[in-house]
Amino acid sequence: MKNPDPSDTIVTTDDPHRLSPIEASIMDWCNLAHAARSRGDAEELAHIGRELDRLLQRYDETDAEGHANPAWARPNQRALVLSARGELEEAIRVELIAVRYADTDRRQEVSLGNIADRLVRLNRPEEAIEYFLRAWDVAPLSVPIMMTGAEAFFKAGRLDDADAIFAAFLDVEAPLIPPADLHAYLRYDGSLLDMAPHLPSLHALYQRLADVDERSGGKS
């Protein structure tokens with residue numbers, strides 16, 4: 001397998017310029033790890049794990065590659081790797097270290113949102129809701145945070161609260177037009193499709209998305 005090149009790596013962030021070369025490579029290899037785990041490819045996962053270990057070592061040796069807050073960045077990156085390996089409990093433990101040093105709203109949003117997402121994946125929605133609310137407090141307009149919160153509410157059986165999150169998007173059309181975050185979630189997140197029959201506002205968003213697609217000739 002060809003090693004990803006940090007100069008052309010695919011990153012899942014709203015601003016790739018926020019990532020250092022090592023961070024971009026870690027993100028890319030984490031995506032590969034998630035895919036390998038989904039396929040059940042243990043050999044490939046072991047190879048990816050060795051590369052991630054090497055990248056984390058380089059990141060530590062450079063004190064987070066010149067990051068403005070390495071005390072936050074180093075555990076945050078390590079938690080990403082642990083999560084990609086499926087070690088969610090340990091990823092949460094390490095991200096909680098990062099939270100202690102999250103000195104900006106953006107860093108709090110990232111770490112608290114990550115913890116909420118991992119708790120949802122561990123089927124611990126009530127705990128996830130606690131961290132979602134903390135993340136939402138510092139980032140009330142963050143679509144990824146809102147999607148995590150909606151899934152946490154849904155899994156906790158709080159359907160009205162989950163639906164209220166999607167209802168907030170019904171007054172505006174722009175979030176349904178690519179490359180908006182909400183469009184990407186509706187298009188590619190299978191968990192939302194599973195929730196839609198139970199949440200009227202989410203169902204309405206899917207209907208509206210279909211209308212937007214029809215007007216744009218299905219190009220979205």
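The values are calculated or read from the model by the stated rules, or taken from the named source; none is laboratory data. Everything numeric here is computed off the predicted structure, so don't read it as measured data. Cβ atoms come from the backbone with ideal geometry, glycine included; neighbour counts cover every protein chain shown.
For the reader, a short list of remarks on this structure follows.
- Scanning region 92-110 for residues that are surrounded by 15 or more Cβ atoms within 10 Å (Cβ to Cβ) and in contact (Cβ under 8 Å) with a residue 24 or more places away in the chain returns 92, 98, 101, 102, 107, 108, 109, 110.
- Pairs with Cβ under 7 Å, 6+ apart, first in region 25-41 and free of Cβ contacts under 8 Å to residues at least 24 places away in the same chain, second crowded, with 16+ Cβ neighbours inside 10 Å: 36/44; 36/45; 36/48
- Scanning region 111-141 for residues that are under 23 Å from residue 169 (Cα atoms), buried (at least 23 other Cβ atoms within 10 Å of the Cβ) and β-branched (Val, Ile, Thr) yields a single hit, 120.
- Positions within region 68-91 being of a type in the set (D, E, K, R) and either in contact (Cβ under 8 Å) with a residue 60 or more places away in the chain or assigned to a helix (DSSP H, G or I) (or both), in sequence order: 74, 78, 89, 90
- Residue within region 171-188 that is in a loop (DSSP other than H, G, I, E, B), hydrophobic (A, V, I, L, M, F, W, C), more than 27 Å from residue 102 (Cβ to Cβ) and modelled with pLDDT under 95 present: yes
- Test: residue 39 is surrounded by fewer than 21 Cβ atoms within 10 Å (Cβ to Cβ), of a type in the set (Lys, Arg) and modelled with pLDDT under 95: yes
- Counting residues in region 93-101 that are part of a helix (DSSP H, G or I), over 18 Å from the mean Cα position of the chain (by Cα) and over 24 Å from residue 25 (Cα atoms) gives one or more.
- Only one of 140, 144 that is within 15 Å of the chain's Cα centre (by Cα), under 18 Å from residue 113 (Cβ atoms) and not charged (D, E, K, R): 144
- Any hit, region 130-148, residues being closer than 30 Å to residue 75 by Cβ, among the basic types (Lys, Arg) and assigned to a helix (DSSP H, G or I): yes
- Residues of region 55-67 that turn out to be loosely packed, with under 13 Cβ neighbours inside 10 Å and assigned to a helix (DSSP H, G or I), as a count: 2
- Across region 42-54, the qualifying residues are those that are of a type outside the set (A, V, I, L, M, F, W, C) and within 17 Å of residue 24 (Cα to Cα), and the one among them that is surrounded by the most Cβ atoms within 10 Å (Cβ to Cβ) is 51.
- Residue 149 being out of contact with any Leu (no Cβ under 6 Å at 6 or more places or on another chain) and touching a residue at least 24 places away in the same chain (Cβ under 8 Å): yes
- Single match in 56, 32, 88, 52 (criterion: modelled with pLDDT of 95 or more and closer than 30 Å to residue 156 by Cα): 88
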